[in-house]
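Report on one structure; see the data block that follows.
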Amino acid sequence: MRRPLVAGNWKMNGSRESIEALLDGIKSGLGRVTAIEVVVGAPAIYLSDLQCQLQGTAVAWSGQDLSAEAPGAYTGEIAASMLLDFGCKYVIVGHSERRAYHGESDQLVAKKYAAARAAGLVPILCIGETLEEREQGITEKVVARQLNAVIELEGIAALADGVVAYEPVWAIGTGKTATPEQAQDVHAFIRGIVADKDAVVADGLRILYGGSMKPDNAIELIAKQDIDGGLIGGASLKAEDFLAICSAAN
Ligand code: PEP
């Protein structure tokens, strides 16, 4: 039985003040949400605040990116060991905004996945097609390529230590959500790729859906057989909405 996971991705939003209020709201409303795992992903500069406020609670925290390199001369970068130092359990890798705006290739994302895993962090690997790719009918080809980059570098066992988030790029921050059927089809395809190599890893792999998940569509999406939770952007910035999605997953 896979334990659902709901992960917030605050992206480059918030201030110390707003984050404190958001965390207070999340903590006070989470009491009855016990069957799932809850994670919030904050800008790196605020991770020490999250550590102070979330230590000892049921909410884990996550980086939004990391360097593929070990500590050294990489100005501005953050190593896996540094995220661990601030108590992160998870780190998002290969978010479509990193791929699009920072030119991250499948191979670099795979190296980041490997660096996270080697340090003992749980990588949340984001994969998904653009609108153009969906319209060209190459969604499966794209997600397979993105997933296989990790499998080729690290072997199938690497997916036993991580989480995959299927995030159709056209649904991120747009208010357009994949239908539960569209999402389920791709999730089943992803699990199938893994199952072809290792049925046990496939069975245990949590595959989150991300892309305009909101309180009013979360239940239907998460009810699908291969959707094991959500990666939530916009709706994770409001405690009430995030909590409603957590309750749906619960
Ligand atoms: C995301 O940033 O990963 C995301 C899914 O954003 P949103 O929920 O706003 O579409």
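Here are some notes:
- Contour excess over end-to-end distance, with Cα ends at K197 and C52 and 0.36 nm allotted per residue: 48.1 nm
- Computed from backbone phi, the HN-Hα couplings of the range 117-125 come to 5, 4, 7, x, 8, 9, x, 9, 8 Hz, rounded to whole numbers (Karplus: 6.51 cos²θ - 1.76 cosθ + 1.60, θ = phi - 60°; Gly and Pro given as x).
- Ranked V6, V59, criterion: other C-beta atoms within 10 Å, fewest first: V59, V6
- Counting 0.36 nm for each residue step from E135 to L153 and taking away their Cα separation leaves a gain of 3.5 nm.
- Tally of Lys pairs whose C-alpha atoms are under 26 Å apart, taken over the chain, 8 or more apart or cross-chain: 28
- q = 0.11, 0.17 Å⁻¹: log10 I(q)/I(0) that the Debye formula gives for the range 5-249, counting C-alpha atoms only: -0.52, -1.33
- The stretch between D24 and S105 holds 25.5 nm of extra length on full extension. This uses 0.36 nm per residue minus the Cα-Cα distance.
- For the range 219-250 versus the range 29-93, the inter-centroid distance based on Cα atoms is 19 Å.
- When E135, E154 are sorted by how many other C-beta atoms sit within 10 angstrom of their C-beta, beginning with the fewest, the order is E135, E154.
- The reciprocal of the average 1/r between distinct C-alpha atoms defines the Kirkwood hydrodynamic radius, which for the range 19-150 equals 16.0 Å.
Just so you know, all these numbers are worked out from the coordinates, no wet-lab data involved. All values reported here derive from a predicted model rather than from experimental measurement. Positions of Cβ are generated from backbone atoms using ideal geometry, with glycine treated the same way; all protein chains shown enter the neighbour counts.
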